[in-house]
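Q: The structure is given below, and queries will be raised subsequently.
The values are calculated or read from the model by the stated rules, or taken from the named source; none is laboratory data. None of these values were measured; they are calculated from a predicted model. Cβ placement follows ideal geometry from the backbone for every residue including glycine, while neighbour counts extend to all protein chains displayed.
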C-alpha cells in the first residue's frame, strides 16, 4: 500500500459491517470525483489520475472491501452487490454529504458503478466507466449475439468468452485462493508489465496483492453467475462516459454495442490501450474525466474540450467523424477541397489551409454548409516558419487534430536537364517540405496528446511510375511515399495511422498551374491546355480520391493507389519493373 | 411556315405577354404542387399532380411532360442513361432537395421552367440556391455584351468551378444550358413521345436544320455550334448546379433581341426568394 502523499488525507469510513480505508485529495468545496478501483487492485491504482484531478476536483478514493487497508469479510455472500452498494453509499455520504458525486470506476469498480447509477441515481451527477461492463448489459449482449448467430455476432461473443476465461476459473472453489497465497502475485506483476506495459511502482501492484487477490474472488462468485443468468432491466439516467481500451485483453470493446439503449446520455472514448489504462494513460483518463464532469456541470470548456465532448457523444444521427478536427492543406481546390468536404459531410470540423485564402474560405463556407464549423487559413506549406505558426494556431484555437491531410502540391514537367536549381527547390519545398512540416508538427501534437490520430500524405502514382517527363515531381512524390511508410512504422505504437494516397490521372486544376520547364510561355500554355483537356477527358474527379482518403483513414490503409491506371502501375512496379522502365522512356509531356 | 413565324416574335409585346402568361402559369403550378409535397410522395405522383393542375387550366400540349427529381436525383447522381431522367418511384423525405421541371404549351405558346426547392431545412441546399442567383445576373450581363453563347457557357463553367460545384446541365442531352422555344404549330397530332411532345420535336428538329444552315443552333451549349453571338428569340435558360447530392436549378425564358436581352419576367418565385434572403441577411 502506498504511504499516502502529504496532500492525501486518509480516514476510515464505516461501511456495511466493514471498515473502509478512504483517501481524499483536493478542495472539498469543489465537485467530488469518486474513483473506484477494480480487481485485484487497491485505491493506489488511481495515484496518477488522482494527482492530475486533485487540482480541479475533490478527489475521493477508497479500498473496496477485501482489498488494501479495508476489512476483509469472509464468505462470498459478503461481496454481493447489496454490500458493495452500501459501502459505496457510505463513502459518498461521508465525503460529499451535500452534493452528488461524479463516479469513476475501473474494472470491478466500473461494474459496481453501473449497478450504483442504476439503483441509486440520485447520488450521482455523472459516471465514467473504464473496462468494466454493466453485468446486465453484458448478459443481454451475449444472449443477443447467440440468439442471432450471424458470423459477426458469434465471433464477437466467442472473443469475449475467451477474454472471460478467468471468470469461469474463479468459480472453482479454493483453487484461486490457494494460487494467490502460493505466490501468484509475482508472476502476475510480471505479466502486467509484459502484457500491459504497466511497470510496477510503489503501491501497484499492492503489497497486499496475495490477500487482495484471494479475497476479491468473492466478487466474481457472489455476483457474476446470478446476474449473468438473469439480467435485470436497467435504465441509467445519469450521463455516462465509457472509456473503451481497444486492446483490452479482458473486456471486448464490442461490449459497448447497444449501450445507448441502457444509458441514453452516452459518450464513448475509444483509446488504443490495454486493460490498465488508468496506469498506462493517466493523463488522458484524467483529461476525459475532467471534460465529462465539465460538460455535465456546465463548466467552462475550451474549444478543444467542447469539441472532444461533441466527438464522444453517441446520438442517433451521429456521423462517423462527428466532432473530429480535420486539417487539410491545399484545401482551396481539387483533391484538397473535395477531401475537406467529404470529411465535413461526415460530421468533421474542418480547417482548410491554402495559399489562396479566398479559395480556402470558399471551401470552409461549403464545408460549413455540410457539417460542423469550418475555418480557413492562408498557409504556404513550403515555408517552415509559416507552418510552425499554423500548427500552433490550430492547436490553440481548435485543439489537436484527429486527421491531417498533407495535400498541397504543385506539378512540374519537362526534361531533367531543363530543371533549374530553383525549379527543384520549389517542387521539393512544396511537395516534400510541406509534407515533412505537416507530419512533423502535427504528429508531435498527436503523440503528445496521446489519443492517436491519422496522417494522410498525398503522394502520386508518379511515385512508383518512373517517367522521363516528370523527374522532379516524381522524385518529390516518391519521397513522400517512403516518408509515409517510415513514419507509419514509427507512429504505429502510438495509435497514429499514416496513409500515402497515390492518385493517377485526376481532373483538377493542377494541370492549369503545373510548370512545364524548358518551354516558351506560349508552348507552356499549350502544354497546360493539352494536359487539362486530357485530364478532363479521363474524367476522374477529385471526389473519388476524397472518398478513398476517408476510407484510408477509417481502415488505416498504408498505401492507396487511386484510379485504375495507378493501381495497374502499382502492381506492375512490383512484378515487372523492367516494363515500367521501358514505359518511362516515352515522352508524354 | 417560315422560321420567323415558328419561333417567337420578340419585338411584339402582345406575343411576349402570351409567353409571360404561360410561364407564370407554370410557376404557379410549381408553387401549388410544391406546397402539396410531403414525405413519402414519389416523383411520379408529383408529376401527375403537375399534369393534372396544368391540364385543368387549359394546357393542351407539352414540349416535354413534367419532370420531378428528388434527393440526390436532383443532382443527377449516378445518371448514366437518359431514361434515368424520367420520373421514378423515388420518395421525398424531410430535408431532401427537389426539382420540378415542366414545359406546357397552351394555344401554341410554350414555357419551360425549372423550380428548385427543399422539404424543410437543408443548409447545403440553401448555400447552393443562394449562389444560383449569381448565374442569373452573369448570364444576362454576358448576353447583353453580345458574347458568344459558347463563351457564356464557358464563363458559367468557370463560375461553377470557383464556387466548387459541378455543372449538372452538362448531363442534359447535348450538354445544353439552354434551348430555343417558340410558337408550336404543326399538323402533327398533340402526342407525347417519351417524354417530349411530338410537335416540339418536329419544331426543334426543323430549327436544328435551318439554324445549322445559318451557322447557329437552337441548342445552347459549349461546342463550336454555339460559337456565335446570341440569336434573337426566346431562350429557355437552365443553369443547373450540383453539390454533393444537392441539385438546384432555375429555368426561365430569356428574351434576346437584335441588340439587347432581358428576362421575360422578373417576378418569379426564385427571384423573390433570393431577394427575401438577401433582405434577411442585411
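Q: Taking the stretch A:447-459 on its own, how many of its residues are outside any helix (DSSP H, G or I) and modelled with pLDDT under 95?
A: Qualifying residue count, the stretch A:447-459: 4.
Q: Scan the stretch A:571-581 and tell me whether some residue there is crowded, with 19+ Cβ neighbours inside 10 Å and either part of a helix (DSSP H, G or I) or in the same structural domain as residue A:448 (by TED's automatic domain parsing) (or both).
A: no
Q: For residue B:140, indicate whether it is away from every other protein chain (no Cβ under 14 Å), in contact (Cβ under 8 Å) with a residue 24 or more places away in the chain and crowded, with 20+ Cβ neighbours inside 10 Å.
A: So residue B:140 does not fit the description; no.
Q: What residue, of A:492, A:582, is within 34 Å of the chain's Cα centre (by Cα) and free of Cβ contacts under 8 Å to residues at least 24 places away in the same chain?
A: The unique qualifying residue is A:492.
Q: Among the residues of the stretch A:98-117, is any more than 28 Å from residue A:232 (Cβ to Cβ) and without any contact (Cβ under 8 Å) to a residue 12 or more places away in the chain?
A: yes
Q: Pick from the stretch A:365-381 the residues that are within 13 Å of chain B (Cβ to nearest Cβ) and farther than 13 Å from residue A:307 by Cβ: which of them is surrounded by the most Cβ atoms within 10 Å (Cβ to Cβ)?
A: Restricting to residues being within 13 Å of chain B (Cβ to nearest Cβ) and farther than 13 Å from residue A:307 by Cβ, the top hit is A:367.
Q: Please state which one of B:133, B:150 is more than 14 Å from chain A (Cβ to nearest Cβ), touching a helix residue (DSSP H, G or I) at 6+ places or on another chain (Cβ under 6 Å), more than 30 Å from residue B:93 (Cβ to Cβ) and surrounded by fewer than 21 Cβ atoms within 10 Å (Cβ to Cβ).
A: Sole residue among the options that is more than 14 Å from chain A (Cβ to nearest Cβ), touching a helix residue (DSSP H, G or I) at 6+ places or on another chain (Cβ under 6 Å), more than 30 Å from residue B:93 (Cβ to Cβ) and surrounded by fewer than 21 Cβ atoms within 10 Å (Cβ to Cβ): B:150.
Q: Can you find, within the stretch B:175-187, the residue that is surrounded by the most Cβ atoms within 10 Å (Cβ to Cβ) among those that are closer than 24 Å to residue B:81 by Cβ and either more than 14 Å from chain A (Cβ to nearest Cβ) or out of contact with any helix residue (DSSP H, G or I) (no Cβ under 9 Å at 6 or more places or on another chain) (or both)?
A: B:177
Q: State whether the residues of the stretch A:385-399 include one that is within 13 Å of chain B (Cβ to nearest Cβ), more than 24 Å from the chain's Cα centre (by Cα) and closer than 23 Å to residue A:498 by Cα.
A: no
Q: While we're here: Residues in the stretch B:90-125 that are in contact (Cβ under 8 Å) with a residue 40 or more places away in the chain, outside any loop (DSSP other than H, G, I, E, B) and within 12 Å of another protein chain (Cβ to nearest Cβ): how many?
A: Here the count works out to 2.
Q: Let me ask another. Give me the strands (runs of 3 or more DSSP E) completely within the stretch B:188-266, filtered to those with at least 1 residues that are surrounded by fewer than 18 Cβ atoms within 10 Å (Cβ to Cβ) and modelled with pLDDT under 90, ordered by residue number.
A: none
Q: Moving on. Sort out which residues of the stretch A:195-218 are within 31 Å of the chain's Cα centre (by Cα) and either modelled with pLDDT under 90 or under 25 Å from residue A:84 (Cα atoms) (or both), and write them in order of number.
A: A:195, A:196, A:197, A:203, A:204, A:205, A:206
Q: Can I ask one more? Scan A:502, A:486 and give me the residue that is buried (at least 21 other Cβ atoms within 10 Å of the Cβ) and either under 37 Å from the mean Cα position of the chain (by Cα) or touching a residue at least 40 places away in the same chain (Cβ under 8 Å) (or both).
A: From the options A:502, A:486, the qualifying one is A:502.
Q: Tell me, please, whether a residue that is within 23 Å of residue A:448 (Cα to Cα), touching a residue at least 40 places away in the same chain (Cβ under 8 Å) and not in a strand (DSSP E or B) can be found in the stretch A:371-381.
A: Scanning the stretch A:371-381 turns up at least one residue that is within 23 Å of residue A:448 (Cα to Cα), touching a residue at least 40 places away in the same chain (Cβ under 8 Å) and not in a strand (DSSP E or B).
Q: What number of residues within the stretch A:534-549 are in a helix (DSSP H, G or I) and within 13 Å of chain B (Cβ to nearest Cβ)?
A: So the count comes out to 6.
Q: Another question about this same structure. I want to confirm something. Restricting to the stretch B:155-174 and keeping residues that are away from chain A (no Cβ under 13 Å) and over 18 Å from residue B:244 (Cβ atoms), which single residue is surrounded by the most Cβ atoms within 10 Å (Cβ to Cβ)?
A: This residue is B:156.
Q: Another question about this same structure. Determine whether residue A:308 is crowded, with 24+ Cβ neighbours inside 10 Å and modelled with pLDDT under 95.
A: Taking the combined requirement at face value, the residue satisfies it.
Q: I'm trying to understand the selection: among the residues of the stretch A:221-235, which are closer than 29 Å to residue A:74 by Cα and part of a loop (DSSP other than H, G, I, E, B)?
A: Result: A:230, A:231, A:232.
Q: Which number in (1) free of Cβ contacts under 8 Å to residues at least 40 places away in the same chain; (2) in a loop (DSSP other than H, G, I, E, B) marks the one condition that residue A:362 misses?
A: Answer for residue A:362: the failing condition is (2).
Q: Assess whether residue A:324 counts as being more than 14 Å from every other protein chain (Cβ to nearest Cβ), surrounded by 22 or more Cβ atoms within 10 Å (Cβ to Cβ) and modelled with pLDDT under 95.
A: Against the criterion (more than 14 Å from every other protein chain (Cβ to nearest Cβ), surrounded by 22 or more Cβ atoms within 10 Å (Cβ to Cβ) and modelled with pLDDT under 95), residue A:324 qualifies.
Q: In this structure, is residue A:362 at pLDDT 95 or above, surrounded by fewer than 24 Cβ atoms within 10 Å (Cβ to Cβ), farther than 19 Å from residue A:455 by Cα and in contact with a helix residue (DSSP H, G or I) (Cβ under 6 Å, 6 or more places away or on another chain)?
A: Against the criterion (at pLDDT 95 or above, surrounded by fewer than 24 Cβ atoms within 10 Å (Cβ to Cβ), farther than 19 Å from residue A:455 by Cα and in contact with a helix residue (DSSP H, G or I) (Cβ under 6 Å, 6 or more places away or on another chain)), residue A:362 does not qualify.
Q: Out of the residues in the stretch A:328-359 that are in a loop (DSSP other than H, G, I, E, B) and without any contact (Cβ under 8 Å) to a residue 60 or more places away in the chain, state the one that is farthest from the other protein chains (Cβ to nearest Cβ).
A: Top of the filtered list is A:355.
Q: Another question, if that's okay. Only one residue in A:238, A:242, A:217 is in the same structural domain as residue A:289 (by TED's automatic domain parsing) and part of a loop (DSSP other than H, G, I, E, B), so which one is that?
A: Matching residue, one of A:238, A:242, A:217: A:238.
Q: Take the conditions under 28 Å from residue A:204 (Cβ atoms) and modelled with pLDDT of 85 or more and apply them to residue A:175. Does it pass?
A: The answer is yes for residue A:175.
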